[in-house]
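Below: the structure, in structure tokens.
The values are calculated or read from the model by the stated rules, or taken from the named source; none is laboratory data. Only a predicted model underlies this, so the values are computations on that prediction, with no experimental measurement involved. Every residue, glycine as well, gets a Cβ built from its backbone with ideal geometry; the counts of neighbours run over all protein chains shown. These area figures cover heavy atoms from the full protein model, side chains too; ligands, DNA and RNA do not enter into them. Shrake-Rupley method; radii C 1.70, N 1.55, O 1.52, S 1.80 Å.
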Amino acid sequence: IYSYEFVYYEHVLIFKDRKVRALPLSGHVGLDALPDQLVNKSLGQGFCFNLLCVGETGIGKSTLMNTLFSTDFENLESPHFEPRGKLRARTYGLRENGVQLKLTIVSTIGFGDQMNQQDSYQPIVDYVDAQFESFLQEELKIKRSLHNYHDSRVHVCLYFIAPSGHSLKSLDLVTMKKLDRKVNVIPVIAKSDTISRAELHSFKMKIMSELVSSGVQIYQFPTDDETVAGINGVMNGHLPFAVVGSTEAINVGNKLVRGRQYPWGVVQVENGSHCDFVKLREMLISVNMNDLREQTHARHYELYRRCRLQEMGFRDTEPNRKPASLHQTYTARRQEYLREFHGVEEEMKQMFVQKVKRTEAELKDAEEELQFRFERMKRLHQQEKKRLEEKRRILEEDMNSFNKMRAAVELLQAPSFSTAGKKDKDHKK
């Protein structure tokens with residue numbers, strides 16, 4: 001076994017080749033207890049598993065989850081008239097034979113129910129990326145708490161395909177294509193008891209053919225481990241799984257089984273000749289749950305992390321192929337951001353100065369306009385005042401002339417009134 005070490009001494013790179021020798025032990029040391037320590041620690045901490053269910057409304061996602069984990073999760077009815085698809089996440093604590101599992105089920109709501117289905121996949125992609133980003137931000141913290149951090153990264157996506165018997169919808173192909181580089185995708189044919197066995201076999205072959213021709217990479221059960229290589233290799237040939245979900249207990253031959261009652265008979269959920277539910281449960285939980293978790297971290301999250309760090313300016317090697325220093329990369333990136341910041345700040349200052357000058361010019365023009373209007377109105381007011389005063393003077397002169405004429409008339413009429421009065425008195429007498 002060889003290990004290699006890079007050592008820096010004042011910008012001088014030294015490559016060391018160290019050979020690790022295997023030594024025999026003369027007595028019991030206790031190394032064989034390490035697996036038991038890991039098992040005990042894992043049992044104490046418990047496990048987490050995050051499952052994403054993607055499918056149309058009413059296709060049986062909630063029923064299959066209840067059947068898969070033999071419990072009744074809270075099921076809220078989803079309408080068919082959502083303006084935009086969204087996701088709902090629920091976390092539950094399960095326990096079986098001393099093993100604790102923190103299970104998070106994320107279900108789509110209103111997926112594919114809109115007339116315009118062009119961006120129906122976007123909320124799902126955004127959710128998966130948001131969980132990766134949350135974990136990355138926790139990793140980049142100075143003071144991290146990953147030991148008690150709730151890992152919400154999606155470990156597997158069960159994509160529910162409608163049992164049409166014809167071919168995949170374009171929405172199914174586009175969505176799975178967008179998700180195959182971000183999450184482990186396992187396609188399942190929902191409500192497979194609605195089509196015949198011959199139609200189901202032909203439908204499976206057509207689905208796999210369309211996935212291959214479209215370049216969709218679904219999750220393949222690993223065959224590199226000898227202990228599970230045989231069963232995983234066989235199960236890869238059964239994809240996509242044709243499943244039936246039911247929590248109803250039906251009496252069949254004096255035995256209670258989970259299934260669906262029809263006039264022509266009973267479809268047993270856990271009968272391998274009726275559907276692939278048992279195969280899905282064994283592959284998903286009993287055999288490959290840990291591999292799904294590892295694939296999520298080592299493949300999908302690492303791809304997201306590498307792209308995000310490259311966006312931030314981090315590199316593994318310098319242009320001269322020397323290992324990149326985190327401090328130098330950070331310093332260079334910081335200086336670049338500072339230059340950009342100063343450039344943007346100076347640009348904003350110039351824009352602010354120009355805007356202030358433009359505003360001042362506009363205010364000055366408005367002030368001059370107001371002053372001009374004020375002077376014009378002032379002149380008009382003075383002219384109107386003079387005109388009214390002239391009219392008032394003329395009116396007063398007319399009134400004085402009228403009063404003088406009335407007084408003169410009254411003086412002329414006074415003797416005639418007195419003579420007429422005397423004549424009236426003499427007449428009466």
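Here are the numbers:
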{"quantity": "The stretch 100-126 - residue that is in contact with a strand residue (DSSP E or B) (Cβ under 8 Å, 6 or more places away or on another chain) and open to solvent by 50 Å² or more (accessible area, probe 1.4 Å) and, of those, nearest to Arg308 (Cα to Cα)", "calculated": "Lys102"}
{"quantity": "Qualifying residue in the stretch 182-190 (condition: open to solvent by less than 60 Å² (accessible area, probe 1.4 Å) and either at pLDDT below 90 or acidic (Asp, Glu) (or both))", "calculated": "no"}
{"quantity": "Subset of the stretch 149-171 (residues that are under 19 Å from Phe203 (Cα atoms) and either part of a strand (DSSP E or B) or touching a helix residue (DSSP H, G or I) at 6+ places or on another chain (Cβ under 9 Å) (or both))", "calculated": "Leu158, Tyr159, Phe160, Ile161, Ala162, Pro163, Ser164, Gly165, His166, Ser167, Leu168"}
{"quantity": "Pairs, first more than 19 Å from Asn148 (Cα to Cα) in the stretch 37-54, second of a type in the set (Phe, Trp, Tyr), C-beta under 9 Å, six or more apart", "calculated": "Leu52/Tyr127; Leu52/Tyr159; Cys53/Tyr159; Cys53/Phe160; Val54/Phe111; Val54/Tyr121; Val54/Tyr159; Val54/Phe160"}
{"quantity": "Output for the stretch 269-302, where each listed residue is open to solvent by 40 Å² or more (accessible area, probe 1.4 Å) and in contact with a Lys or Arg (Cβ under 8 Å, 6 or more places away or on another chain)", "calculated": "Glu270, Gly272, His297"}
{"quantity": "First in the stretch 201-220 and closer than 18 Å to Arg181 by Cα and assigned to a helix (DSSP H, G or I), second anywhere and open to solvent by 30 Å² or more (accessible area, probe 1.4 Å) and among the hydrophobic types (A, V, I, L, M, F, W, C), Cβ under 9 Å, 6 or more apart", "calculated": "Glu210/Leu173; Leu211/Leu173"}
{"quantity": "Residues being assigned to a loop (DSSP other than H, G, I, E, B) and β-branched (Val, Ile, Thr) - total across the stretch 112-148", "calculated": "1"}
{"quantity": "Total residues in the stretch 64-111, condition aromatic (Phe, Trp, Tyr), part of a loop (DSSP other than H, G, I, E, B), over 25 Å from Ser170 (Cα atoms) and out of contact with any helix residue (DSSP H, G or I) (no Cβ under 7 Å at 6 or more places or on another chain)", "calculated": "1"}
{"quantity": "Helices (runs of 4 or more DSSP H) lying entirely in the stretch 225-312 (those with 1 or more residues that are β-branched (Val, Ile, Thr))", "calculated": "226-236, 277-281"}
